[in-house]
1. Looking at the chain, send over the antiparallel percent of its DSSP beta bridges, to the nearest 5.
2. So which aspartates and glutamates can Lys339 reach, going by Cα to Cα under 14 Å and dropping same-chain residues fewer than 8 places off?
3. Which percent of Cα pairs goes in each bin when the distances of the range 233-343 are cut into 5 angstrom slices starting at zero?
4. Roughly how many Å² of Arg202 are accessible to a 1.4 Å probe, to the nearest 10?
5. Rounded to the nearest 20 Debye, what is the dipole magnitude of the chain about its Cα centre when Lys and Arg each give +1 and Asp and Glu each give -1 at the C-beta?
6. How large is the accessible surface per residue of the range 188-269, computed with a 1.4 Å probe and reported in Å² as a whole number?
7. Using only the heavy atoms of the protein chains and a 1.4 Å probe, how would Ser164, Ser128 rank by accessible area, largest first?
8. From the phi angles alone, apply the Karplus equation (6.51, -1.76, 1.60; θ = phi - 60°) to the range 133-149 and give each ³J(HN,Hα) in whole Hz, x where the residue is Gly or Pro.
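The values are calculated or read from the model by the stated rules, or taken from the named source; none is laboratory data. Not measured: the values here are computed from a predicted model. All Cβ positions, glycine included, derive from the backbone under ideal geometry; neighbour counts span all protein chains shown. Surface accessibility is based on the protein's heavy atoms, side chains included, excluding ligands, DNA and RNA. Shrake-Rupley method; radii C 1.70, N 1.55, O 1.52, S 1.80 Å.
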Amino acid sequence: MDGLLKNAKRVFVTGGAGFIGFYLCRELLKQGIQVTALDNLNDYYDVSLKEYRLRQLSAFDNFYFQKCDLSDEEALNRTFAEFQPEIVVNLAAQAGVRYSIDHPRAYINSNIVGFFNLLEACRQSMDSGQTPVRHLVFASSSSVYGMNPKVPYSVSDQTDWPVSLYAATKKSDELLAYAYAKLYGIPMTGLRFFTVYGPLGRPDMAYFKFANRMVKGEKIQIYNYGDMYRDFTYIDDIVKGILKVMDRVPSKDERDAMYRIYNIGNHKPENLMHFLDVLENSLLEAGVIRNKVERELLPMQPGDVYQTFADVEDLRRDFGFVPATNLEEGLRNFAKWYKEYYG
Ligand SMILES: NC(=O)c1ccc[n+]([C@@H]2O[C@H](COP(=O)([O-])OP(=O)(O)OC[C@H]3O[C@@H](n4cnc5c(N)ncnc54)[C@H](O)[C@@H]3O)[C@@H](O)[C@H]2O)c1
(Lines give C-alpha, C1' and ligand atoms only; values in the text may rest on other atoms or scores of the structure.)
Protein backbone atom coordinates (compact mmCIF):
# COMPACT_ATOMS: atom_id res chain seq x y z
CA MET A 1 0.00 0.00 0.00
CA ASP A 2 1.38 3.40 -0.99
CA GLY A 3 0.68 6.90 0.29
CA LEU A 4 0.45 5.91 3.94
CA LEU A 5 2.12 9.10 5.09
CA LYS A 6 -0.29 11.36 3.23
CA ASN A 7 -3.23 9.77 5.04
CA ALA A 8 -1.59 9.20 8.41
CA LYS A 9 -2.56 11.75 10.99
CA ARG A 10 -0.30 10.65 13.81
CA VAL A 11 3.27 9.36 13.81
CA PHE A 12 5.13 8.14 16.87
CA VAL A 13 8.93 8.44 16.84
CA THR A 14 10.98 6.82 19.60
CA GLY A 15 14.42 8.32 20.12
CA GLY A 16 13.00 11.63 18.87
CA ALA A 17 15.65 13.68 20.70
CA GLY A 18 18.37 11.62 19.05
CA PHE A 19 20.34 12.49 15.94
CA ILE A 20 18.29 10.68 13.30
CA GLY A 21 15.05 11.07 15.27
CA PHE A 22 15.41 14.85 15.34
CA TYR A 23 15.75 15.15 11.57
CA LEU A 24 12.95 12.70 10.90
CA CYS A 25 10.57 14.51 13.29
CA ARG A 26 11.44 17.87 11.74
CA GLU A 27 10.63 16.63 8.25
CA LEU A 28 7.33 15.08 9.35
CA LEU A 29 6.37 18.25 11.23
CA LYS A 30 7.09 20.36 8.14
CA GLN A 31 4.63 18.13 6.29
CA GLY A 32 1.95 19.01 8.87
CA ILE A 33 1.85 15.55 10.47
CA GLN A 34 1.15 15.23 14.21
CA VAL A 35 4.29 13.82 15.78
CA THR A 36 4.79 12.44 19.25
CA ALA A 37 8.44 11.88 20.09
CA LEU A 38 9.46 9.73 22.99
CA ASP A 39 12.95 9.73 24.49
CA ASN A 40 14.48 9.00 27.89
CA LEU A 41 17.13 11.72 27.33
CA ASN A 42 19.85 9.46 28.72
CA ASP A 43 23.35 10.82 29.23
CA TYR A 44 25.20 8.38 26.96
CA TYR A 45 26.33 11.56 25.22
CA ASP A 46 25.90 15.28 25.93
CA VAL A 47 22.26 15.74 26.99
CA SER A 48 22.34 19.44 26.11
CA LEU A 49 22.56 18.45 22.42
CA LYS A 50 19.39 16.35 22.80
CA GLU A 51 17.69 19.28 24.57
CA TYR A 52 18.82 21.64 21.84
CA ARG A 53 17.27 19.38 19.19
CA LEU A 54 14.03 19.22 21.19
CA ARG A 55 13.89 23.03 21.44
CA GLN A 56 14.01 23.22 17.64
CA LEU A 57 11.17 20.71 17.35
CA SER A 58 9.08 22.45 19.99
CA ALA A 59 8.73 25.42 17.63
CA PHE A 60 6.15 23.35 15.72
CA ASP A 61 2.54 23.33 17.01
CA ASN A 62 2.06 19.75 15.82
CA PHE A 63 4.90 18.42 18.02
CA TYR A 64 4.44 16.67 21.30
CA PHE A 65 7.28 15.27 23.44
CA GLN A 66 7.06 12.60 26.09
CA LYS A 67 10.04 11.83 28.29
CA CYS A 68 9.77 8.11 28.76
CA ASP A 69 11.95 5.02 28.84
CA LEU A 70 10.94 2.27 26.43
CA SER A 71 11.70 -0.28 29.12
CA ASP A 72 8.95 1.27 31.29
CA GLU A 73 6.08 -0.78 29.95
CA GLU A 74 3.29 1.06 31.74
CA ALA A 75 4.47 4.54 30.79
CA LEU A 76 4.94 3.46 27.19
CA ASN A 77 1.47 1.90 26.99
CA ARG A 78 -0.06 5.05 28.49
CA THR A 79 1.63 7.30 25.93
CA PHE A 80 0.75 4.95 23.13
CA ALA A 81 -2.93 4.68 24.10
CA GLU A 82 -3.19 8.43 24.53
CA PHE A 83 -1.65 9.27 21.18
CA GLN A 84 -2.94 6.32 19.11
CA PRO A 85 -0.27 6.43 16.37
CA GLU A 86 -0.90 5.11 12.88
CA ILE A 87 2.78 4.83 12.01
CA VAL A 88 5.53 4.06 14.52
CA VAL A 89 9.25 4.59 13.91
CA ASN A 90 11.59 3.06 16.45
CA LEU A 91 14.89 4.88 16.57
CA ALA A 92 15.46 4.73 20.34
CA ALA A 93 18.32 2.41 21.16
CA GLN A 94 21.50 2.15 23.10
CA ALA A 95 23.91 2.73 20.24
CA GLY A 96 27.66 2.36 20.00
CA VAL A 97 29.86 -0.69 19.71
CA ARG A 98 32.63 -0.06 22.22
CA TYR A 99 30.29 1.13 25.02
CA SER A 100 28.66 -2.31 25.05
CA ILE A 101 31.83 -3.83 26.46
CA ASP A 102 31.46 -1.94 29.77
CA HIS A 103 27.68 -1.35 29.79
CA PRO A 104 26.05 -4.50 28.40
CA ARG A 105 22.84 -4.15 30.40
CA ALA A 106 21.99 -0.81 28.79
CA TYR A 107 21.71 -2.66 25.44
CA ILE A 108 19.45 -5.38 26.80
CA ASN A 109 17.19 -2.84 28.56
CA SER A 110 16.72 -0.49 25.62
CA ASN A 111 17.22 -2.65 22.55
CA ILE A 112 15.64 -5.89 23.70
CA VAL A 113 13.21 -5.15 26.58
CA GLY A 114 12.34 -1.70 25.22
CA PHE A 115 11.81 -2.94 21.69
CA PHE A 116 9.72 -5.86 22.93
CA ASN A 117 7.53 -3.40 24.89
CA LEU A 118 7.03 -1.40 21.72
CA LEU A 119 6.06 -4.50 19.75
CA GLU A 120 3.56 -5.36 22.47
CA ALA A 121 2.12 -1.83 22.40
CA CYS A 122 1.68 -2.21 18.63
CA ARG A 123 0.00 -5.59 19.08
CA GLN A 124 -2.37 -4.23 21.72
CA SER A 125 -3.34 -1.42 19.35
CA MET A 126 -4.60 -4.10 16.92
CA ASP A 127 -7.14 -5.64 19.29
CA SER A 128 -8.03 -3.10 21.94
CA GLY A 129 -10.30 -0.72 20.09
CA GLN A 130 -7.40 1.73 19.64
CA THR A 131 -6.31 2.94 16.22
CA PRO A 132 -4.34 -0.02 14.84
CA VAL A 133 -0.71 0.62 13.97
CA ARG A 134 -0.47 0.43 10.20
CA HIS A 135 3.30 0.26 9.88
CA LEU A 136 6.23 -0.13 12.27
CA VAL A 137 9.56 1.00 10.86
CA PHE A 138 12.57 0.23 13.05
CA ALA A 139 16.28 0.96 13.02
CA SER A 140 18.65 -1.91 12.66
CA SER A 141 22.30 -1.52 11.81
CA SER A 142 25.04 -2.46 9.36
CA SER A 143 26.79 -4.00 12.36
CA VAL A 144 24.55 -7.10 12.01
CA TYR A 145 26.84 -8.11 9.13
CA GLY A 146 29.63 -8.72 11.65
CA MET A 147 32.65 -10.28 10.01
CA ASN A 148 30.83 -10.95 6.74
CA PRO A 149 33.72 -11.17 4.26
CA LYS A 150 31.50 -10.65 1.20
CA VAL A 151 30.99 -7.12 -0.10
CA PRO A 152 28.79 -5.32 -0.73
CA TYR A 153 26.62 -6.43 2.19
CA SER A 154 23.30 -7.66 0.93
CA VAL A 155 20.18 -8.24 3.04
CA SER A 156 20.23 -11.81 1.76
CA ASP A 157 23.68 -12.40 3.35
CA GLN A 158 23.87 -14.42 6.52
CA THR A 159 24.01 -12.32 9.69
CA ASP A 160 24.57 -14.96 12.33
CA TRP A 161 28.01 -13.87 13.51
CA PRO A 162 27.71 -10.56 15.40
CA VAL A 163 30.97 -9.22 16.80
CA SER A 164 29.45 -6.94 19.43
CA LEU A 165 26.54 -7.09 21.86
CA TYR A 166 25.11 -4.06 20.08
CA ALA A 167 25.01 -6.01 16.81
CA ALA A 168 23.48 -9.02 18.57
CA THR A 169 20.65 -6.88 19.98
CA LYS A 170 19.94 -5.33 16.57
CA LYS A 171 19.80 -8.75 14.94
CA SER A 172 17.49 -9.91 17.76
CA ASP A 173 15.19 -6.95 17.05
CA GLU A 174 14.89 -8.09 13.45
CA LEU A 175 13.86 -11.57 14.59
CA LEU A 176 11.41 -10.31 17.22
CA ALA A 177 9.86 -7.98 14.65
CA TYR A 178 9.52 -10.78 12.14
CA ALA A 179 7.66 -12.96 14.64
CA TYR A 180 5.24 -10.13 15.48
CA ALA A 181 4.68 -9.28 11.82
CA LYS A 182 3.92 -12.91 11.07
CA LEU A 183 1.84 -13.67 14.18
CA TYR A 184 -0.22 -10.51 14.40
CA GLY A 185 -0.25 -9.16 10.85
CA ILE A 186 1.49 -5.91 11.79
CA PRO A 187 3.42 -4.60 8.76
CA MET A 188 7.06 -3.98 9.66
CA THR A 189 10.17 -2.71 7.90
CA GLY A 190 13.65 -2.83 9.38
CA LEU A 191 16.38 -0.48 8.15
CA ARG A 192 20.05 -1.28 8.43
CA PHE A 193 21.73 2.12 8.60
CA PHE A 194 25.39 2.51 7.61
CA THR A 195 27.47 5.02 9.66
CA VAL A 196 25.28 8.12 9.64
CA TYR A 197 26.91 11.55 9.97
CA GLY A 198 26.00 15.22 9.68
CA PRO A 199 25.24 18.45 11.55
CA LEU A 200 23.86 17.95 15.09
CA GLY A 201 25.30 14.44 14.92
CA ARG A 202 26.36 12.11 17.69
CA PRO A 203 29.41 13.20 19.68
CA ASP A 204 30.19 9.57 20.56
CA MET A 205 30.86 8.66 16.93
CA ALA A 206 34.40 8.45 15.59
CA TYR A 207 34.13 11.32 13.08
CA PHE A 208 32.82 13.67 15.79
CA LYS A 209 35.55 12.61 18.23
CA PHE A 210 38.16 13.15 15.52
CA ALA A 211 36.80 16.67 15.00
CA ASN A 212 36.95 17.37 18.76
CA ARG A 213 40.54 16.18 18.95
CA MET A 214 41.53 18.25 15.91
CA VAL A 215 40.04 21.31 17.62
CA LYS A 216 42.11 20.63 20.75
CA GLY A 217 45.21 20.01 18.65
CA GLU A 218 45.38 16.47 20.03
CA LYS A 219 46.84 13.52 18.19
CA ILE A 220 44.33 11.24 16.46
CA GLN A 221 44.35 7.51 17.11
CA ILE A 222 43.56 5.45 14.05
CA TYR A 223 42.82 1.76 14.36
CA ASN A 224 43.97 -1.06 12.10
CA TYR A 225 46.71 1.35 10.98
CA GLY A 226 44.14 3.26 8.90
CA ASP A 227 43.29 0.24 6.80
CA MET A 228 39.52 0.39 7.34
CA TYR A 229 36.60 1.31 5.15
CA ARG A 230 33.24 2.77 6.10
CA ASP A 231 30.16 3.44 4.06
CA PHE A 232 29.42 6.92 5.48
CA THR A 233 25.83 8.00 4.92
CA TYR A 234 24.69 11.60 5.14
CA ILE A 235 21.77 12.31 7.45
CA ASP A 236 19.53 13.86 4.75
CA ASP A 237 19.77 10.64 2.72
CA ILE A 238 18.81 8.57 5.75
CA VAL A 239 15.75 10.73 6.40
CA LYS A 240 14.68 10.60 2.74
CA GLY A 241 15.02 6.82 2.88
CA ILE A 242 13.00 6.49 6.10
CA LEU A 243 10.21 8.68 4.68
CA LYS A 244 10.02 6.61 1.50
CA VAL A 245 9.87 3.39 3.48
CA MET A 246 7.32 4.68 6.00
CA ASP A 247 5.01 5.53 3.16
CA ARG A 248 4.60 1.98 1.92
CA VAL A 249 3.56 -1.16 3.77
CA PRO A 250 5.60 -4.18 2.67
CA SER A 251 3.74 -6.80 0.67
CA LYS A 252 3.53 -10.30 2.10
CA ASP A 253 6.70 -12.34 1.80
CA GLU A 254 6.79 -16.00 0.78
CA ARG A 255 5.97 -17.00 4.38
CA ASP A 256 2.97 -14.70 4.57
CA ALA A 257 4.50 -11.94 6.73
CA MET A 258 4.35 -8.26 5.83
CA TYR A 259 8.01 -7.75 6.61
CA ARG A 260 11.11 -6.41 4.84
CA ILE A 261 14.65 -5.40 5.66
CA TYR A 262 16.59 -2.79 3.66
CA ASN A 263 20.10 -1.42 3.78
CA ILE A 264 20.40 2.36 3.73
CA GLY A 265 24.00 3.25 2.99
CA ASN A 266 26.00 5.33 0.59
CA HIS A 267 27.18 2.19 -1.25
CA LYS A 268 30.64 3.76 -1.49
CA PRO A 269 33.08 2.70 1.23
CA GLU A 270 35.60 5.40 2.10
CA ASN A 271 39.08 4.68 3.34
CA LEU A 272 39.49 6.03 6.86
CA MET A 273 42.62 8.05 5.98
CA HIS A 274 40.83 9.71 3.07
CA PHE A 275 37.86 10.41 5.32
CA LEU A 276 40.19 12.13 7.80
CA ASP A 277 41.74 14.24 5.05
CA VAL A 278 38.30 15.46 3.93
CA LEU A 279 37.20 16.10 7.52
CA GLU A 280 40.37 18.02 8.31
CA ASN A 281 40.11 20.13 5.16
CA SER A 282 36.44 20.90 5.87
CA LEU A 283 37.28 22.03 9.41
CA LEU A 284 40.15 24.14 8.10
CA GLU A 285 37.91 25.78 5.47
CA ALA A 286 35.15 26.48 8.00
CA GLY A 287 37.70 28.12 10.30
CA VAL A 288 37.14 25.57 13.07
CA ILE A 289 40.84 24.61 13.15
CA ARG A 290 44.00 26.33 11.94
CA ASN A 291 46.43 23.41 11.80
CA LYS A 292 46.49 19.73 10.95
CA VAL A 293 47.15 17.27 13.79
CA GLU A 294 49.37 14.24 14.19
CA ARG A 295 47.98 10.74 13.50
CA GLU A 296 48.85 7.69 15.63
CA LEU A 297 48.36 4.34 13.92
CA LEU A 298 47.16 1.51 16.20
CA PRO A 299 46.02 -2.13 15.84
CA MET A 300 42.39 -3.20 15.39
CA GLN A 301 40.02 -2.84 18.41
CA PRO A 302 37.72 -5.65 19.61
CA GLY A 303 34.25 -5.35 18.08
CA ASP A 304 35.42 -3.33 15.06
CA VAL A 305 34.90 -4.56 11.53
CA TYR A 306 37.26 -4.00 8.61
CA GLN A 307 34.79 -2.73 6.08
CA THR A 308 31.14 -1.76 5.70
CA PHE A 309 29.61 -1.50 2.26
CA ALA A 310 25.86 -1.41 1.58
CA ASP A 311 24.19 -3.15 -1.31
CA VAL A 312 21.21 -0.85 -1.88
CA GLU A 313 19.71 -2.48 -4.96
CA ASP A 314 16.57 -3.55 -3.04
CA LEU A 315 16.01 0.04 -1.98
CA ARG A 316 16.50 1.26 -5.54
CA ARG A 317 14.16 -1.39 -6.93
CA ASP A 318 11.34 -0.85 -4.42
CA PHE A 319 11.59 2.91 -3.84
CA GLY A 320 13.58 4.33 -6.74
CA PHE A 321 15.90 5.90 -4.20
CA VAL A 322 19.50 5.51 -3.06
CA PRO A 323 21.68 7.84 -0.95
CA ALA A 324 23.76 10.20 -3.06
CA THR A 325 25.38 12.90 -0.92
CA ASN A 326 29.14 12.85 -1.30
CA LEU A 327 31.57 13.04 1.58
CA GLU A 328 32.89 16.50 0.66
CA GLU A 329 29.43 18.07 0.75
CA GLY A 330 28.34 16.19 3.87
CA LEU A 331 31.46 17.04 5.87
CA ARG A 332 31.37 20.68 4.69
CA ASN A 333 27.88 20.93 6.20
CA PHE A 334 29.07 19.23 9.38
CA ALA A 335 32.04 21.59 9.73
CA LYS A 336 29.86 24.70 9.17
CA TRP A 337 27.43 23.52 11.82
CA TYR A 338 30.27 22.68 14.22
CA LYS A 339 31.55 26.23 13.86
CA GLU A 340 28.11 27.74 14.55
CA TYR A 341 27.29 25.46 17.45
CA TYR A 342 30.61 25.39 19.30
CA GLY A 343 31.95 28.74 18.09
N1 LIG B 1 23.92 6.97 13.64
C2 LIG B 1 24.35 5.85 13.06
O3 LIG B 1 25.41 5.83 12.41
C4 LIG B 1 23.54 4.58 13.14
C5 LIG B 1 23.99 3.47 12.40
C6 LIG B 1 23.26 2.29 12.47
C7 LIG B 1 22.12 2.22 13.23
N8 LIG B 1 21.70 3.31 13.94
C9 LIG B 1 20.49 3.18 14.75
O10 LIG B 1 19.62 4.25 14.43
C11 LIG B 1 18.87 4.64 15.58
C12 LIG B 1 19.05 6.12 15.83
O13 LIG B 1 20.44 6.37 16.02
P14 LIG B 1 21.02 7.81 16.36
O15 LIG B 1 22.33 7.91 15.68
O16 LIG B 1 19.98 8.86 16.13
O17 LIG B 1 21.29 7.63 17.91
P18 LIG B 1 21.00 8.61 19.13
O19 LIG B 1 21.69 7.99 20.30
O20 LIG B 1 21.35 10.01 18.78
O21 LIG B 1 19.43 8.49 19.30
C22 LIG B 1 18.81 7.52 20.05
C23 LIG B 1 17.90 8.21 21.07
O24 LIG B 1 17.20 7.20 21.79
C25 LIG B 1 17.13 7.56 23.14
N26 LIG B 1 17.01 6.33 23.91
C27 LIG B 1 17.95 5.36 24.09
N28 LIG B 1 17.44 4.38 24.85
C29 LIG B 1 16.16 4.71 25.13
C30 LIG B 1 15.12 4.11 25.88
N31 LIG B 1 15.31 2.95 26.52
N32 LIG B 1 13.92 4.72 25.95
C33 LIG B 1 13.72 5.90 25.32
N34 LIG B 1 14.67 6.54 24.61
C35 LIG B 1 15.87 5.95 24.52
C36 LIG B 1 18.41 8.31 23.43
O37 LIG B 1 18.27 9.22 24.51
C38 LIG B 1 18.68 9.02 22.11
O39 LIG B 1 18.19 10.35 22.13
C40 LIG B 1 19.37 3.75 16.71
O41 LIG B 1 18.51 2.65 16.81
C42 LIG B 1 20.73 3.28 16.24
O43 LIG B 1 21.08 2.04 16.82
C44 LIG B 1 22.38 4.48 13.91
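1. The answer is about 10 percent antiparallel.
2. Qualifying aspartates and glutamates at Cα under 14 Å: Glu280, Glu285.
3. 2, 10, 15, 16, 15, 15, 12, 7, 5, 3, 1, 0
4. For Arg202, solvent-accessible area is about 50 Å².
5. That gives the chain a dipole magnitude of about 500 debye.
6. Per residue, the range 188-269 has an accessible area of 36 Å².
7. Ranking Ser164, Ser128 by accessible area, largest first, yields Ser128, Ser164.
8. 5, 9, 6, 10, 10, 9, 7, 10, 7, 4, 5, 5, 6, x, 8, 3, x
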